[in-house]
Amino acid sequence: MPKTLLASLTTALLLTACSAGPSANKAEDAMLVFVKANGSDDARLTKFAIGKCEKGDGGYNCPVQARVLAMNGRFDEEFNGVFTFAEVDGNYRVVGVVSRPL
């Protein structure tokens with residue numbers, strides 16, 4: 001394999017890895033921790049989808065669509081918005097809210 005092709009492939013892989021953001025599973029785990037910390041210990045996500053993340057200051061800004069069930073079923077709401085995820089100690093965490101409809 002020519003050196004230039006190998007260098008191009010390596011660069012492309014590194015750029016892809018750097019710009020991807022959290023996987024759906026890691027983002028869902030981070031969102032659940034965030035929801036529990038800001039609500040109820042019994043909270044769970046009954047729906048979760050993450051859109052295309054963009055690199056921003058302090059992490060990755062990712063659109064999220066989630067449904068949260070908490071407080072023994074008394075709270076059952078959509079929890080959508082753009083959240084900032086950052087890797088902290090090997091795990092992704094929600095470190096900010098860019099926008100969230102009320």
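The values are calculated or read from the model by the stated rules, or taken from the named source; none is laboratory data. Keep in mind it's a predicted model, so treat the numbers as computed, not measured. So basically every Cβ, Gly included, is an ideal-geometry build from the backbone, and we count neighbours across all protein chains shown.
Restricting attention to region 44-77, and to residues there that are over 16 Å from Ala27 (Cβ atoms) and of a type in the set (Gly, Ala, Ser), which single residue is surrounded by the fewest Cβ atoms within 10 Å (Cβ to Cβ)?
This residue is Gly73.
Can you tell me which residue is modelled with the lowest pLDDT among those in region 40-58 that are more than 13 Å from the chain's Cα centre (by Cα) and more than 16 Å from Val95 (Cα to Cα)?
Step by step, filter region 40-58, then rank; the result is Ser40.
Within region 83-102, can you find the residues that are closer than 17 Å to Lys52 by Cβ and not hydrophobic (A, V, I, L, M, F, W, C)?
Thr84, Tyr92, Ser99
In region 78-99, what count of residues is obtained for those that are crowded, with 16+ Cβ neighbours inside 10 Å, within 12 Å of Ala27 (Cα to Cα) and not aliphatic (A, V, I, L, M)?
Number satisfying all stated conditions: 5.
Tell me the residue from Asn80, Asn91, Asn61, Asn25 that is in contact (Cβ under 8 Å) with a residue 40 or more places away in the chain and under 16 Å from the mean Cα position of the chain (by Cα), please. Before the answer, list the steps.
Working: Asn80 fails: in contact (Cβ under 8 Å) with a residue 40 or more places away in the chain; Asn61 fails: in contact (Cβ under 8 Å) with a residue 40 or more places away in the chain; Asn25 fails: in contact (Cβ under 8 Å) with a residue 40 or more places away in the chain.
Going through Asn80, Asn91, Asn61, Asn25 in turn, just one is in contact (Cβ under 8 Å) with a residue 40 or more places away in the chain and under 16 Å from the mean Cα position of the chain (by Cα): Asn91.
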